[in-house]
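One structure is given below, encoded as structure tokens.
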Amino acid sequence: MTTPALLPLSGRRIPTLTPGVSSFPHHRATLRLSEKFILLLILSAFITLCFGAFFFLPDSSKHKRFDLGLEDVLIPHIEPGKEGKHNAGQIIIHGQGGHDEHRHKEEEESLRDKIRADHERALQEAKEKLRKSKDELKAEIQTEKTKVAEDLKKKDGPKPLPPVPMPKLVGVNDGDPGDPDTKEKRDKIREMMKHAWDSYRQYGWGHNELKPLAKKGHSTNIFGNSQMGATIVDALDTLYIMGLHDEFKDGQEWIEQNLDFSVNAEVSVFEVNIRFIGGLLAAYYLSGQEVFKVKAVQLAEKLLPAFNTPTGIPWAMVNLKSGVGRNWGWASAGSSILAEFGTLHMEFVHLTYLSGNPAYYEKVRHIRKLLAKMDRPNGLYPNYLNPRTGRWGQHHTSVGGLGDSFYEYLLKAWLMSDKTDTEARKTYDDAIEAIERHLIRKSNGGLTFIGEWKNGHLERKMGHLTCFAGGMFALGADGSPDDKAGHYLQLGAEIAHTCHESYDRTVLKLGPEAFKFDSGLEAVAVRQNEKYYILRPEVIETYWYMWRFTHDPKYRQWGWEATQAIDKYCRVSGGFSGVKDVYSSNPTYDDVQQSFFLAETLKYLYLLFSGDDLLPLENWVFNTEAHPLPVLHMANITLPGSQNQGLGKREGRRLLITELGILGCGTATDSSTEDEEEGTETLQTH
Ligand code: DMJ
């Protein structure tokens with residue numbers, strides 16, 4: 001029996017206690033009003049509760065989910081055999097759709113394996129890190145930092161380059177030679193340029209180079225697996241000075257629309273610098289088109305991570321996307337190459353000048369300072385330097401491959417600075433003095449040659465590449481110490497003569513890659529793999545410099561011989577090709593039209609048959625890929641707002657130097673940093 005405990009006391013009747021009789025009446029006909037109200041309240045509360053339960057309590061599937069272990073809910077499901085391919089973050093809930101126990105276990109096992117493998121990999125990486133030297137770790141961290149900084153910069157969008165005073169540009173076109181015969185020859189060279197360009201345009205457009213026989217694009221490992229139109233960039237300034245304006249425009253358009261450096265390609269820092277940055281800078285100065293300057297600076301930024309080594313000597317190669325650098329596998333003991341890290345100065349000074357970013361100049365200045373502190377065996381610079389230890393590799397010295405343009409850039413740094421960079425001039429003079437003492441000899445037949453120094457022994461062999469040195473000696477004659485200008489001009493003439501002999505003693509009248517002065521041999525190649533000619537410019541380059549300094553007609557005559565030989569033996573319907581044996585009357589082709597054929601060989605030939613007013617040497621310095629860069633004469637520069645107008649040459653120069661901290665002269669900002677000092681501590685001198 002239920003006790004009506006809920007009834008209010010006021011409603012209870014106290015029954016009389018009569019034994020055997022019920023205390024309460026069995027029924028009552030009606031409820032009181034207050035009782036009715038309370039009952040209604042209870043009923044409505046009950047109904048509300050039921051509704052609430054229906055809508056708000058979790059359904060059964062949710063209950064099921066809560067029943068699963070935490071691991072099942074939070075760890076993404078990895079289907080066996082599909083590791084690494086599943087959608088990142090996609091969560092598959094176990095326990096649904098009837099997964100059986102076996103599958104569940106397999107998945108757990110696969111997860112554990114993955115976690116184990118991850119741990120092992122992390123452990124391995126940690127061990128490798130520990131094995132690396134402090135300096136290498138520092139360099140790696142620096143690379144990462146640079147990358148993060150670059151990514152941040154990218155988010156803000158590219159910063160516009162600051163306006164800088166433009167050097168007054170002298171002699172950028174025409175150069176009419178005057179007499180009709182020379183003009184005809186010059187026209188022929190222009191026609192050859194057009195054939196080379198048109199063929200590339202038709203069959204190799206956008207590729208780095210051209211295969212003129214296969215009639216398709218070509219590339220080599222110096223450009224990685226990129227398709228960066230090396231021929232277009234390398235050829236631009238030649239097109240410009242030859243007045244091939246439509247072709248120049250076509251090239252410019254391709255660059256505007258297609259030249260992109262965010263590519264996953266491992267490229268040669270040296271080659272990209274001399275061909276691309278040099279080519280773009282020259283195109284900018286000649287044409288005034290901003291796009292070339294912007295692209296040059298963008299590309300240069302991509303090269304900077306190559307300098308993140310323990311010593312600051314750059315790697316030979318860098319991946320343009322990741323910024324990871326390394327050296328050529330063939331180089332002595334992991335070394336960087338003298339002619340590569342020593343051939344950046346001219347372009348990097350201009351990059352700082354045009355971008356206002358001191359980083360470029362600091363990098364090359366650091367290299368120079370580091371080299372200045374090192375001992376040099378017999379006063380010579382070995383071709384190999386280890387960027388980790390700062391020690392020389394093998395003691396090989398060459399004025400040809402691996403060494404050549406290092407010496408060239410010392411002289412040209414001085415010339416480009418309007419002869420104020422006297423440190424560069426002194427370094428050049430000392431180096432050439434040691435080279436003359438140890439490497440330059442006369443053959444039995446009276447030919448002056450430059451041999452190769454290998455561990456204290458002179459190899460009596462000269463490379464085609466070494467032939468550029470005739471022009472370099474002539475260019476450096478003025479300003480040489482002890483009034484030796486005549487001597488150096490003479491030395492230039494002797495080298496030009498020897499190199500001409502190397503051409504003249506072949507069947508095709510084209511020079512071999514290397515030639516000997518030994519065992520009765522004079523200026524001829526011996527080994528089969530030294531008999532090729534790949535459209536190289538160095539001999540013609542020397543003819544041109546000798547022509548400019550002497551106006552001896554034999555240089556034009558020799559240049560014309562070479563032009564005819566190239567046109568006769570290297571020209572094919574799809575362009576120009578190198579030949580494999582210059583001693584064979586029936587040579588085979590190598591099927592490559594090198595980009596330097598358009599940048600250098602044809603440009604030097606064209607200049608040889610032009611007047612001296614085209615790109616005068618007082619105003620222009622040619623980089624090692626024949627890209628002309630202006631001398632930074634302050635007298636010729638008008639600053640915007642004309643702060644320095646009316647200033648004398650000296651004051652004007654001081655202003656430029658102080659503003660930019662460049663040109664390595666006494667008044668320049670000293671950019672040496674603590675890092676630099678640290679870097680040199682690791683050096684071992686011999
Ligand atoms: C060019 O790329 C440059 O002249 C470089 O300095 C070495 N030689 C090649 C052409 O022979």
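Give me the residue from region 201-222 that is closer than 16 Å to SER268 by Cα and not acidic (Asp, Glu) and, out of that set, surrounded by the most Cβ atoms within 10 Å (Cβ to Cβ).
ASN208
Tell me, please, whether a residue that is away from the ligand (no atom under 16 Å from the Cβ) and within 24 Å of VAL233 (Cβ to Cβ) can be found in region 581-590.
If we filter region 581-590 for residues that are away from the ligand (no atom under 16 Å from the Cβ), which is where we start, we get 581, 583-589.
From what is left, the residues that are within 24 Å of VAL233 (Cβ to Cβ) are none.
No, that holds for no residue.
What's the number of the condition LYS369 fails, among (1) within 16 Å of the ligand (Cβ to nearest atom); (2) surrounded by fewer than 24 Cβ atoms within 10 Å (Cβ to Cβ)?
So the condition that LYS369 fails would be (1).
Report yes if GLU301 is of a type in the set (D, E, K, R), touching a strand residue (DSSP E or B) at 6+ places or on another chain (Cβ under 9 Å) and either within 16 Å of the ligand (Cβ to nearest atom) or within 28 Å of GLU144 (Cβ to Cβ) (or both), otherwise no.
Answer is no for this residue.
Just to confirm my filter: which helices (runs of 4 or more DSSP H) fall fully inside region 459-550 and include at least 1 residues that are in contact with a His (Cβ under 8 Å, 6 or more places away or on another chain), of a type in the set (Ser, Thr, Tyr) and over 25 Å from TYR428 (Cβ atoms)?
Filter on region 459-550 gives 485-504.
From the set of residues in region 275-298 that are over 20 Å from SER219 (Cα atoms) and in contact with a strand residue (DSSP E or B) (Cβ under 8 Å, 6 or more places away or on another chain), which is surrounded by the most Cβ atoms within 10 Å (Cβ to Cβ)?
ALA282
Residue-by-condition table, conditions (1) in contact with a strand residue (DSSP E or B) (Cβ under 6 Å, 6 or more places away or on another chain); (2) modelled with pLDDT under 95; (3) part of a loop (DSSP other than H, G, I, E, B):
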site	(1), (2), (3)
VAL172	no, yes, yes
GLY175	no, no, yes
ARG190	no, no, no
MET193	no, no, no
ARG201	no, no, no
LEU210	yes, no, no
ALA214	no, no, yes
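So which residues in region 309-347 are in a helix (DSSP H, G or I) and either free of Cβ contacts under 8 Å to residues at least 60 places away in the same chain or surrounded by fewer than 21 Cβ atoms within 10 Å (Cβ to Cβ) (or both), if there are any at all?
SER332, ALA333, GLY334 - these are the residues of region 309-347 that are in a helix (DSSP H, G or I) and either free of Cβ contacts under 8 Å to residues at least 60 places away in the same chain or surrounded by fewer than 21 Cβ atoms within 10 Å (Cβ to Cβ) (or both).
Can you tell me which of THR231, THR238 is closer than 23 Å to PHE622 by Cα, in contact with a strand residue (DSSP E or B) (Cβ under 6 Å, 6 or more places away or on another chain) and either assigned to a loop (DSSP other than H, G, I, E, B) or within 16 Å of the ligand (Cβ to nearest atom) (or both)?
Matching residue, one of THR231, THR238: THR231.
Being in contact (Cβ under 8 Å) with a residue 60 or more places away in the chain, of a type in the set (Val, Ile, Thr) and more than 16 Å from the ligand (Cβ to nearest atom) is the filter here, so list the residues in region 381-422 that pass it.
Those that are in contact (Cβ under 8 Å) with a residue 60 or more places away in the chain, of a type in the set (Val, Ile, Thr) and more than 16 Å from the ligand (Cβ to nearest atom): THR389, THR420, THR422.
Could you please let me know if ASN225 is surrounded by fewer than 23 Cβ atoms within 10 Å (Cβ to Cβ), farther than 28 Å from LYS168 by Cα and at pLDDT 95 or above?
Criteria not met by ASN225.
Quick one: which residue in GLU513, GLU538 is within 16 Å of the ligand (Cβ to nearest atom) and touching an Asp or Glu at 6+ places or on another chain (Cβ under 7 Å)?
GLU513
Check whether at least one residue in region 425-441 is more than 16 Å from the ligand (Cβ to nearest atom), at pLDDT below 95, of a type outside the set (Val, Ile, Thr) and outside any helix (DSSP H, G or I), and report yes or no. Spell out how you get there, then give the answer.
The initial filter retains those residues of region 425-441 that are more than 16 Å from the ligand (Cβ to nearest atom), namely 425-441.
Pick out the ones that are also at pLDDT below 95 and you get none.
The answer is no; no qualifying residue exists.
Where the second residue is part of a loop (DSSP other than H, G, I, E, B) and not basic (Lys, Arg) and the first is under 14 Å from TYR545 (Cβ atoms) and at pLDDT 95 or above and lies in region 621-632, which pairs have Cβ atoms under 6 Å and are six or more apart or on separate chains?
From residues that are under 14 Å from TYR545 (Cβ atoms) and at pLDDT 95 or above, the pairs are THR624/THR343; PRO628/LEU615.
For PHE597, state whether it is within 25 Å of PHE449 (Cβ to Cβ) and either surrounded by fewer than 24 Cβ atoms within 10 Å (Cβ to Cβ) or within 15 Å of the ligand (Cβ to nearest atom) (or both).
Against the criterion (within 25 Å of PHE449 (Cβ to Cβ) and either surrounded by fewer than 24 Cβ atoms within 10 Å (Cβ to Cβ) or within 15 Å of the ligand (Cβ to nearest atom) (or both)), PHE597 does not qualify.
Looking for whichever is over 30 Å from ASN221 (Cβ atoms) and in contact with a strand residue (DSSP E or B) (Cβ under 6 Å, 6 or more places away or on another chain) here; the options are TRP560, TRP620, TRP547. Which one fits?
TRP620
Restricting to region 197-254, name every residue that is in contact with a Lys or Arg (Cβ under 7 Å, 6 or more places away or on another chain) and among the polar types (S, T, N, Q).
Residue satisfying the conditions is THR238 alone.
Considering only region 445-486, how many residues are surrounded by 24 or more Cβ atoms within 10 Å (Cβ to Cβ), away from the ligand (no atom under 16 Å from the Cβ) and within 22 Å of MET416 (Cα to Cα)?
Counting residues in region 445-486 that are surrounded by 24 or more Cβ atoms within 10 Å (Cβ to Cβ), away from the ligand (no atom under 16 Å from the Cβ) and within 22 Å of MET416 (Cα to Cα) gives 3.
Please go through region 263-280 and pick out each residue that is within 16 Å of the ligand (Cβ to nearest atom) and either more than 10 Å from the chain's Cα centre (by Cα) or not aromatic (Phe, Trp, Tyr) (or both).
VAL267, SER268, VAL269, GLU271, VAL272, ASN273, ILE274, ARG275, ILE277, GLY278, GLY279, LEU280
The values are calculated or read from the model by the stated rules, or taken from the named source; none is laboratory data. All figures in this text were calculated on a predicted structure; none of them were measured in a lab. No Cβ is skipped: glycine too gets one built from the backbone with ideal geometry, and neighbour counts run over all protein chains shown.
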